[in-house]
Amino acid sequence: MDLYEHQARQLFAEHGIVVPNAEVTDSAKEAREIARRLGGRAVVKAQVKTGGRGKAGGVKLAADPAAAELTARQMLGMRIKGHMVGKVMLAQPVDIDREFYVSYVLDRAAGRFLAIASAEGGMEIEEVAAARPEAVARIPVDPAEGVTSAKATEIADAAGLPPQTVDVLVRLWQVLVREDALLVEVNPLVRTARGDIVALDGKVTLDDNARFRQARWGADDDEDQDPLEAAAAARGLTYVRLDGEVGVIGNGAGLVMSTLDAVAGCGARPADFLDIGGGASAQVMADGLTVILSDPAVKSVLVNVFGGITACDAVAEGIVAAVDRIRLTKPLVVRLDGNSAARGRAILAERAHPLVEQVTTMDGAARRAADLATTA
Ligand code: GDP
Ligand code: MN
C-alpha cells in the first residue's frame, strides 16, 4: 500500500525528520484559511499516489491566501496520470539552497535493501540517473545491520551529500523498519538557505503483509480505487477489474491465471477475476458472485474450481446457496474437478438452475462461457 505524501510526511515527522508546516484539505475555501495560518504564502500540492506532480501542474506556489484558494480550486478534481485529485496539501514554502535525493528500497533478488542517494535530487532525478548513473550512489544495506551513523556516513560520502544529512539517513531507516515499509523515498531532501535539512516530499510504500501491525492506516483509503475492488477487499477477496465480458471466479492465483488465458484463447476477454482462495463457503461464493455480477460489463460468469483442501461439494453448496440468495440474471458456467468433484457436480445437477450449466473440462467451460458472453 502506497501512502499519500501527507501521510508519509506525518511518519517522517514522528521519527524526527524535519518537514515544512502543512495542512490537508478537500475544500478550496479552507485552503485560503490554511494559507493564512501558514503566514500567507503557501505551496499547494495535489495529493495523488503518483510521482511527477510538479511537471504535471500538481505543485504550485501561491503568493497569498486568495491565490491559494484559486490554485486549490483548479487542482481539486483535476487528473494527474489518471489519478483524481481529491485533496490538496498546503505547505509553508521553503527557501531551497540545494536539492538531494535519498531512498531505501527492498532489493528482493539480493535479499537486502538498497540505499539510493544523489546530490542532484529534484524533479530531474530520472534524467540524471539515465544520463549520468555515476551521480546516483547505490549502497547495499544489510537489513540485520541497518543504517547506523557509520553506514549513513558511507551513503552520504558516496553520494556527495553534506554531513548534516547523516542524521536524516539514520532516521529514514528507522521509518522503514518501524513502520514496516518496503520503500521510503525523499525527493527532494533539501538544504534550506538557512542550512537546515528538510524533507520536502515523501513516498512510503508499506508492506501489506504487516498490515495487521499497522492498524492505524485501516483499509486502503485510496480514493482512486475501483469501487468493486474496494468492495471485494472489504470482504477479504482478491478482485481485479479487466475490460472484457467474461467474469472469472477461481481458487488459487495459478488456476485463475490459466483460466484467464483459456478465456482469451476462445476469443473472448475476461471482464474481471476473483480469486476465492481456499475459502469457498456459501458466504464467500455469494459475496464473490455479488461482486462479479454487479459489473454491468459482465455477460457470463465462469467458475473454475479445482478442489483441494476446499472440496468441490462445499463449493457446489456455496454456489447453490448463492444463486438462491442473489437473483441470478446472467449465465453461470461451472467447472468442478479434484476433491469431491462427483458429489459437487451432483449437487449442482440436482438444483438444476436454468442459468447454471456445468462443463467438465477447463477448456470446454471457457469455450462455453466465451460463447455465452459474445452472443449475449
Ligand atoms: P513531485 O513533482 O511530485 O515530486 O513533487 P515535489 O513535492 O517533489 O515538488 C516538486 C518540486 O517543486 C520540488 O523538486 C521543488 O523544486 C519544488 N518545491 C516544492 N516545494 C517547494 C518549496 O517549499 N519551495 C520551493 N522553492 N520549491 C518547492
Ligand atoms: Mn518529489
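Computed from the coordinates by the stated procedures, all read-outs in this text should not be read as laboratory data. Not measured: the values here are computed from a predicted model. In this analysis, Cβ positions are derived from the backbone assuming ideal geometry, glycine residues included, and neighbour counts consider all displayed protein chains.
So how strong a dipole does the chain carry about its Cα centre when Lys and Arg Cβ are +1 and Asp and Glu Cβ are -1, to the nearest 20 debye?
Approximately 620 debye in magnitude.
Starting from the Cα of residue 10, step 7 Å along the direction of its Cβ; do the same at residue 27; then give the gap between the two resulting points in nm.
Here the answer is 1.9 nm between the modelled labels.
Does segment 96-213 classify as rounded, prolate or oblate by the C-alpha gyration tensor (a ≥ b ≥ c root eigenvalues; a/c under 1.5 gives rounded; else a/b over b/c gives prolate, otherwise oblate)?
Judged from the Cα gyration tensor, segment 96-213 comes out prolate (a/c at least 1.5, a/b above b/c).
Return the distance in nm (one decimal) between the two label points of a simple spin-label model at residue 61 and residue 110, each offset 7 Å from Cα along Cα→Cβ.
My value for the distance between the label points is 3.8 nm.
Could you give the nm distance between label points at residue 213 and residue 351, where each point is 7 Å from its Cα heading toward the beta carbon?
4.2
Round to the nearest 0.05 the FRET efficiency obtained for residue 164 and residue 240 when R0 = 45 Å and r is the Cβ-Cβ distance.
Efficiency, from the Cβ-Cβ distance: 0.50.
Let a ≥ b ≥ c be the square roots of the eigenvalues of the Cα gyration tensor of segment 226-375; is it rounded (a/c under 1.5), or, if not, prolate (a/b larger than b/c) or oblate?
rounded
What length, rounded to one decimal in nm, is gained on full extension from residue 150 through to residue 180, with 0.36 nm per residue of separation minus their alpha-carbon distance?
Between residue 150 and residue 180, full extension yields 8.5 nm more.
Please tell me the relative contact order of segment 96-213 in percent, rounded to the nearest whole number, where contacts are Cα pairs under 8 Å and at least six residues apart.
Relative CO of segment 96-213 lands at 29 percent.
What number, rounded to the nearest 500 deg cm²/dmol, is the helix-based mean residue ellipticity at 222 nm of the chain, given -39500 (n - 2.57) per DSSP H run of at least four residues and division by all its residues?
Rounded to the nearest 500, it is -11000 deg cm²/dmol.
Over the chain, with a single point scatterer placed on each C-alpha, what log10 of the ratio I(q)/I(0) does the Debye formula yield at q = 0.06, 0.09, 0.13, 0.14 1/Å?
For the chain, the Cα-only Debye profile gives -0.34, -0.68, -0.99, -1.05.
Tell me, how many Å apart are the Cα centres for segment 12-45 and for segment 253-305?
Cα centroid of segment 12-45 versus Cα centroid of segment 253-305: 44 Å apart.
Report the gain in length on full extension from residue 79 to residue 97: 0.36 nm times residue separation, minus Cα-Cα distance, nm rounded to one decimal.
Value of the extension gain: 3.4 nm.
Determine the alpha carbon to alpha carbon distance for each of 29/49; 81/151; 29/60; 55/203; 45/151; 29/55 and list only those over 27 Å.
81/151; 45/151
Quickly rank 47-57, 170-180, 350-360 as a protection proxy: mean count of other C-beta atoms within 10 Å, highest first.
Taking the mean over residues of other Cβ atoms within 10 Å, the ranking is 170-180, 47-57, 350-360.
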